Amino acid sequence: METSGERLPAALARRIALAAQGFADPRPAGPVGTRQLRRTVERLGVVQIDSVNVLSRSHYLPYFSRLGPYPRAALDQLADRRHDVFEYWAHEASFLPVRLQPSLRWRMADADQQAWGSMTRVQRERPEYVAALLERVREGGPLRASQLAEARPDRPGTMWNWHEGKAALEYLFFTGALTARARTAGFERVYDLTERVLPAAVVEAPTPARDDAVRELVRTAARALGVATETDLRDYFRLPPALARTAIAELTDAGELAPVQVTGWGKPAWLVPDARRPRWVRARALLSPFDSLVWERPRVERVFGFRYRLEIYTPAEKRVHGYYVLPFLLGDALVARVDLKADRQAGVLRVQAAHAEAGVDVAEVAAELAAELRLMAAWSELDTVVVAGAGDLAPALSAALVVPGT
């Protein structure tokens, strides 16, 4: 697919992308509540969920990055009580605005082709068991996988080590017959009938044609990204290439996307015509590895010149930057990265490594990063920040964290 149109300087494209993701706005001066949280999830369209909890459950972090400290209970209420957001497989396992549920029904209807692994196997081999579980939820109410008397398979080394009951519930979740009513304190999903959880207006909304639904998902992705390549737009909701390509062409013909050429990108791109074009961005944020600003690593490198890899599954001796590494956004640039761990027993936010990007003002970065780490520690109910000493930024960061007179 070829584009022409306006030529955008790379720096402007970067600021457009940051503004679309909510980083050109100042953080709220007062308390943050459900209104700001709801606005943020609407703007992003997708907030990825991940089970890693070395610092925080990942879905809490994008809101902190954009809004600063907020009560986590207010975010939980959006999903568990208000049901303004719902869980589904979008980018990966994700929270999404509930308005998008009808636009994902085509994926639910195609579960036998789009789901994977033990989900489809249990439906293929034991359809009567899957149907019985659905009836159990219908008659008996919400259900957790841990309530099922099923032996967990012994398959070490896989993240999908589900027993048959969990796989069956996940298949029903994928089809949309079940959804998540809530999460337990241990982050276990509580399944219930979709029509008993989601607002009636959503459940009763007509199911759009697949092409209309995909077009809405690409539209949502485009507004969340600001300016993007075909791959960027497709990846946001993990859409099939042919469907995404058709939707992009249709949105372009309708004037909802404008073809552009971004200096240095080397790929055709599309711009939301009314996307904000800030002259500067004065952001300061630590970014979850699963934040939508950085989850597509080729885009991060293209937009920010920042090579980023998640090293959780890399053997410890081969890691370059650490286990759970968060990029640090300052202004409109990614200027550093820190490996963080919340040591709740000791009440310490541990900086296990801190590395600066080439060419940055190390003293300025250290001071700003120290301030953001103190803010994160307080929000996480940790007493102090401790730097372990690894990384070229660690000495300056340690010095910046010293409070005069102590």
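Spin-label pair ARG307-ALA205: with each label point 7 Å from Cα along the Cα-Cβ axis, the two points sit 4.3 nm from one another.
Backbone geometry of the stretch 100-113 corresponds, through the Karplus equation with coefficients 6.51, -1.76 and 1.60 at θ = phi - 60°, to 3J(HN,Hα) couplings of 7, 4, x, 6, 10, 5, 4, 5, 4, 5, 9, 4, 4, 9 Hz, x marking Gly and Pro.
Computed extension gain for THR263 through ARG82, at 0.36 nm per residue and net of the alpha carbon distance, reaches 60.8 nm.
Placing +1 on the Cβ of every Lys and Arg and -1 on the Cβ of every Asp and Glu, with nothing else charged, gives the stretch 115-198 a dipole about its Cα centre of roughly 180 debye.
Between ARG126 and ASN53, the modelled label-to-label distance comes to 2.7 nm, taking each label 7 Å out from Cα in the direction of the beta carbon. Distance from the alpha carbon centroid of the stretch 93-130 to that of the stretch 227-260 works out to 24 angstrom. Placing unit charges on the Cβ atoms of the charged side chains and taking the dipole of the chain about its Cα centre, the candidate lying farthest along the positive direction among TYR313, LEU172, VAL362 is VAL362. For the peptides 272-284, 6-18, residues were scored by their other Cβ atoms within 10 Å and the scores averaged per peptide; the highest-first order is 6-18, 272-284.
Here semi-axes √(5λ) of the Cα gyration tensor in Å was computed from the coordinates, and among (1) 35, 29, 19; (2) 47, 25, 19; (3) 32, 29, 18 the match is (1). In this structure, the amide hydrogen of VAL325, modeled 1.01 Å from its nitrogen in the peptide plane, lies closer than 5 angstrom to those of GLU311, counting only residues at least 5 positions away or on a different chain.
Return the whole-Å distance between the Cα centroid of the stretch 5-46 and the Cα centroid of the stretch 296-334. If you average the Cα positions of each part, the centres end up 21 Å apart.
Where the accessible area of the chain is counted over protein heavy atoms with a 1.4 Å probe, how much of it, in %, is carbon and sulfur? Carbon and sulfur atoms account for 50 percent of the accessible area of the chain. For ALA388 and TRP116, the difference between the fully extended length at 0.36 nm per residue and the C-alpha to C-alpha distance is 93.8 nm. Of all aspartates and glutamates in the structure, those lying under 12 Å Cα to Cα from LYS267, and not within fewer than 8 positions of it along the same chain, are GLU2, GLU230, ASP232. Summary of packing: across the peptides 92-100, 361-369, the per-residue average of other C-beta atoms within 10 Å ranks them, highest first, as 92-100, 361-369. Relative protection proxy for 235-246, 132-143, from highest mean packing down: 235-246, 132-143 (other beta-carbon atoms within 10 angstrom). Mean separation of Cα pairs under 8 Å and 6 or more residues apart, divided by the residue count, gives the stretch 309-401 a relative contact order of 24 percent. Collect residues whose amide H, placed 1.01 Å from N in the peptide plane, falls under 5 Å from the amide H of ARG126; neighbours closer than 5 in sequence don't count. Answer set, sorted by chain and number: none. Phi-derived couplings, Karplus 6.51 cos²θ - 1.76 cosθ + 1.60 at θ = phi - 60°, listed residue by residue for the stretch 333-348: 10, 8, 10, 6, 8, 9, 8, 10, 8, 8, 8, 6, 5, 8, x, 10 Hz, with x used for Gly and Pro. About its Cα centre, the chain has a charge dipole of approximately 440 debye under the convention of +1 per Lys or Arg Cβ and -1 per Asp or Glu Cβ, with nothing else charged. Each label was represented as a point 7 Å from its Cα along the Cα-to-Cβ direction; for ASP343 and ALA29 these points are 3.9 nm apart.
Solvent exposure of the chain, expressed per residue, is 44 Å² of accessible area, with all protein chains present and a 1.4 angstrom probe. Each Cα pair under 8 Å and six or more residues apart adds its separation to the average, and for the chain the resulting relative contact order is 18 percent. Round to the nearest 0.05 the FRET efficiency obtained for VAL320 and ASP253 when R0 = 41 Å and r is the Cβ-Cβ distance. Once the sixth-power term is evaluated, E becomes 0.35.
The values are calculated or read from the model by the stated rules, or taken from the named source; none is laboratory data. Everything quoted here is computed from the prediction, not taken from an experiment. Cβ atoms come from the backbone with ideal geometry, glycine included; neighbour counts cover every protein chain shown. Calculation scope for accessible area: heavy atoms of the full protein, side chains included, ligands and nucleic acids excluded. Shrake-Rupley method; radii C 1.70, N 1.55, O 1.52, S 1.80 Å.
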